[in-house]
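Structure first, then comments.
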Amino acid sequence: MISIGNFFFKYRNNLFIFLYLLLFLPSPELFTERAFGPDYYLIPLVLGLIITFSGEILRGMTIGLAYIIRGGRDKKVYAEQLVTGGLFSHCRNPLYVGNILMLAGVGILSNSLFYVVVVIPFFLFIYQAIVLAEENFLRNKFGAEFDAYTRRVNRWLPDFRGLGKTLGSMEFNYRRWLIKEYNTLFVWLLGIIALIGYKYGHLFENTNVRNGVLGGIILLLLGMYLTIRYLKKSGTWANT
């Protein structure tokens, strides 16, 4: 599993693009009109958005409170220090839990039985392998310190006891969140917009209204993306 995890760690960013494309594959519906009535489509729409946004909230809180180097070094697992503060004091992998929620949410939003039954379990397997590879690295580097951390904090299931104290003792760095997360945010939100246009176009008055609303949102997101990118590249938000 460790060797599998090292492999997927190297290519995990490209994997996300592939997994997003699978959202648009034809599939039997997860929620059907026969089982849930004529307004059945509201269930995946509302539930999917709640779950996927909760994942990004979790990621944003994690990055904004205590940043951890996520990219590794030379596409290999790497860490300069053992980060145990912020949300890492409540879960060892809050960023990955956030990713899982984000992907599960868009899977439900797509109302795809195939995605939820096949793709999500495959995604969970990949992340389990990646985490085992990371833990092997951390245990070899930090030894007893890491072992003590694993006994204190769950690998996957967040323990939110004392969360208020954690949030109250740290300052949320929104600039760091945006600088580190803007690429992920842009791709994720574009995926949501594409899914809503593709799966829920009937909610709009007509095609022109749908295209106008979604097109306007895309232009707004593009403007925000370019602004944050400029602030990062120009050094205006360099010290984050």
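Could you please let me know if Phe160 is in contact (Cβ under 8 Å) with a residue 40 or more places away in the chain and crowded, with 16+ Cβ neighbours inside 10 Å? No, not satisfied. Listed here are the helices (runs of 4 or more DSSP H) enclosed by segment 1-88 that have at least 3 residues being under 19 Å from the mean Cα position of the chain (by Cα) and at pLDDT 90 or above: 42-65.
Confirm whether Phe186 is touching a residue at least 24 places away in the same chain (Cβ under 8 Å), within 25 Å of Leu49 (Cα to Cα) and not in a helix (DSSP H, G or I). Judged against the criteria, Phe186 is not a match.
If you go through segment 96-116 and pick out every residue that is in a helix (DSSP H, G or I) and either touching a Leu at 6+ places or on another chain (Cβ under 8 Å) or free of Cβ contacts under 8 Å to residues at least 24 places away in the same chain (or both), you end up with 14.
Taking the criterion of being over 20 Å from Asp39 (Cβ atoms), of a type in the set (Val, Ile, Thr) and surrounded by 15 or more Cβ atoms within 10 Å (Cβ to Cβ), the residues of segment 193-222 that qualify are Ile193, Val213, Ile217, Ile218. Does Leu185 qualify as being touching an Asp or Glu at 6+ places or on another chain (Cβ under 8 Å) and either hydroxyl-bearing (Ser, Thr, Tyr) or surrounded by 16 or more Cβ atoms within 10 Å (Cβ to Cβ) (or both)? Here the answer is yes, as Leu185 does meet what is asked.
Of everything in segment 101-148 that is more than 21 Å from Ile68 (Cα to Cα) and not hydrophobic (A, V, I, L, M, F, W, C), the residue that is surrounded by the fewest Cβ atoms within 10 Å (Cβ to Cβ) is Pro121. The residues of segment 117-152 that are small (Gly, Ala, Ser) and either assigned to a helix (DSSP H, G or I) or within 16 Å of Val97 (Cα to Cα) (or both), listed by number, are Ala129, Ala133, Ala144, Ala148. Looking across segment 81-95, the residues that are within 20 Å of Lys141 (Cβ to Cβ) and touching a residue at least 12 places away in the same chain (Cβ under 8 Å) come down to Leu82, Val83, Thr84, Gly85, Phe88, Ser89, Arg92, Asn93, Leu95. The single condition from (1) closer than 23 Å to Phe53 by Cα; (2) in the same structural domain as Leu82 (by TED's automatic domain parsing) that Ala194 fails is (2).
The values are calculated or read from the model by the stated rules, or taken from the named source; none is laboratory data. Not measured: the values here are computed from a predicted model. Please note: Cβ atoms are built from the backbone with ideal geometry, for glycine as well, and neighbour counts cover all protein chains shown.
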